[in-house]
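*Asks:* Got a structure for you, written out below as structure tokens; questions coming shortly.
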Amino acid sequence: MSQLDRLKTYLDSLVDRYEQPEFIADDPISIPYGFDDPRDQEVIGLYAALLAWGRRETVLNKMEELCERMDYRPYAFVRGFDPEQDAGALDGFVHRTFQPIDAFWFTRNLSTALEEHGGTVENLFADHLSENGDESDGVQSAIQGFSTTILNAHPETPERLRKHLARPEAGSACKRLNMYLRWMVRDGPVDLGIWSRIQTDQLMLPLDVHSGRQARSLGLLGGRKSNDWKAVRRLTAVCREFCPSDPARYDFAFFGPGAHDESLDARFTGDNKLDGSSLPTPR
């Protein structure tokens with residue numbers, strides 16, 4: 001068995017350990033689980049993913065506040081959003097750099113985009129999927145199309161909204177949007193699996209400083225030092241080699257040990273980590 005095969009077996013064991021229902025309660029994915037209607041789940045899940053930075057407890061508290069401001073009817077609130085009558089519901093909502101003006105314009109523009117894409121967030125992403133069938137593209141065009149559509153929904157949209165909507169063309173790893181797509185598309189003990197127009201083999205790995213550190217310690221990013229879109233494509237290419245039908249499952253293997261402050265197996269780190277030359281590369 002090659003070192004790459006042994007690493008796959010190890011990563012599979014980490015996925016089995018961390019992809020458990022117990023993961024849900026303290027994670028932002030618990031927010032959409034609080035709703036029964038898939039339309040509510042995908043809308044409030046989008047907000048939860050976009051605001052998922054900082055301490056988990058704080059994120060969950062802010063999302064509870066946002067749900068209350070939306071009268072616990074997130075889909076109806078966004079779909080029927082009236083800039084004059086409903087703006088007050090978002091006045092004063094702040095999470096780190098996400099200010100009331102961001103909440104207003106994101107909600108207003110999302111409402112417009114839903115109207116133009118059949119009333120669902122799934123359509124808003126899937127309508128922008130690449131038509132060339134290139135596996136390496138994955139959901140890149142869907143994420144780019146989503147963010148561009150939101151930013152261009154109204155000409156008076158403030159420039160500051162751009163910092164909250166990641167785009168692959170800008171080089172961003174788009175961690176939170178990739179995580180959101182994992183929630184919506186994958187069906188398992190943790191993810192909701194409520195979408196059908198995007199397939200699991202199209203998903204890309206959510207990559208941030210923590211998962212990037214774990215992947216580098218295993219030699220899976222070669223010499224790539226930045227946690228950018230090129231790094232996402234490189235890591236996803238490796239994970240597609242491990243599991244072509246569901247590469248994003250390995251998000252649990254990279255995120256889990258870091259979140260629980262557990263060290264990776266020394267058989268695969270340090271001097272034993274993979275040589276970048278043996279890794280598959282994105283096309």
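*Asks:* Before we move on, is S13 free of Cβ contacts under 8 Å to residues at least 40 places away in the same chain and touching a helix residue (DSSP H, G or I) at 6+ places or on another chain (Cβ under 8 Å)?
*Replies:* Judged against the criteria, S13 is not a match.
*Asks:* Any residue at all in region 229-241 that's part of a loop (DSSP other than H, G, I, E, B) and either farther than 24 Å from E262 by Cα or more than 17 Å from the chain's Cα centre (by Cα) (or both)?
*Replies:* no
*Asks:* Report yes if D5 is in a helix (DSSP H, G or I), among the charged types (D, E, K, R), modelled with pLDDT under 95 and closer than 30 Å to S277 by Cβ, otherwise no.
*Replies:* yes
*Asks:* Within region 268-283, how many residues turn out to be modelled with pLDDT of 90 or more, in contact with a Ser or Thr (Cβ under 9 Å, 6 or more places away or on another chain) and outside any loop (DSSP other than H, G, I, E, B)?
*Replies:* Qualifying residue count for the region: 2.
*Asks:* Considering only residues of region 226-267 that are surrounded by fewer than 21 Cβ atoms within 10 Å (Cβ to Cβ) and acidic (D, E), which is modelled with the lowest pLDDT?
*Replies:* If we take residues in region 226-267 being surrounded by fewer than 21 Cβ atoms within 10 Å (Cβ to Cβ) and acidic (D, E), then D261 is modelled with the lowest pLDDT.
*Asks:* Then there's this: May I ask you to verify whether S141 is outside any loop (DSSP other than H, G, I, E, B), in contact with a Lys or Arg (Cβ under 9 Å, 6 or more places away or on another chain), without any contact (Cβ under 8 Å) to a residue 40 or more places away in the chain and at negative phi?
*Replies:* Answer is no for this residue.
*Asks:* Additional query: Among the residues of region 67-100, which ones are within 18 Å of T149 (Cα to Cα) and not charged (D, E, K, R)?
*Replies:* Within region 67-100, V78, F81 meet the criteria.
*Asks:* Hey, another quick one. Suppose we keep only residues that are assigned to a helix (DSSP H, G or I) and acidic (D, E) within region 126-138. Which one would you say is modelled with the lowest pLDDT?
*Replies:* Here the answer is E135.
*Asks:* Here's a follow-up. Any residue in region 31-57 that's among the hydrophobic types (A, V, I, L, M, F, W, C): show its pairings with residues that are assigned to a loop (DSSP other than H, G, I, E, B) at Cβ separation under 7 Å, as long as the two are six or more apart or on different chains.
*Replies:* I44/F35; A48/P28; A49/P28; A52/P28; W53/R96
*Asks:* Working only within region 8-25, note down all residues that are closer than 25 Å to L221 by Cβ and either assigned to a helix (DSSP H, G or I) or more than 18 Å from the chain's Cα centre (by Cα) (or both).
*Replies:* K8, T9, Y10, L11, D12, S13, L14, V15, D16, R17, Y18, F23
*Asks:* Further, regarding this structure: For region 75-97, check the following and say yes or no: at least one residue is under 23 Å from E159 (Cβ atoms), polar (S, T, N, Q), surrounded by fewer than 19 Cβ atoms within 10 Å (Cβ to Cβ) and in contact (Cβ under 8 Å) with a residue 60 or more places away in the chain.
*Replies:* Yes, some residue in region 75-97 is under 23 Å from E159 (Cβ atoms), polar (S, T, N, Q), surrounded by fewer than 19 Cβ atoms within 10 Å (Cβ to Cβ) and in contact (Cβ under 8 Å) with a residue 60 or more places away in the chain.
*Asks:* Residues that are over 19 Å from the mean Cα position of the chain (by Cα) and at pLDDT 95 or above: find the helices (runs of 4 or more DSSP H) completely inside region 26-81 holding 2 or more of those.
*Replies:* Fully inside region 26-81 and qualifying: 56-69, 74-79.
*Asks:* Could you run through region 149-201 and say how many residues are assigned to a helix (DSSP H, G or I), touching a Phe, Trp or Tyr at 6+ places or on another chain (Cβ under 8 Å) and closer than 18 Å to V15 by Cβ?
*Replies:* So the answer is 2.
The values are calculated or read from the model by the stated rules, or taken from the named source; none is laboratory data. In this text, all values refer to a predicted model and were calculated from it rather than measured experimentally. All Cβ positions, glycine included, derive from the backbone under ideal geometry; neighbour counts span all protein chains shown.
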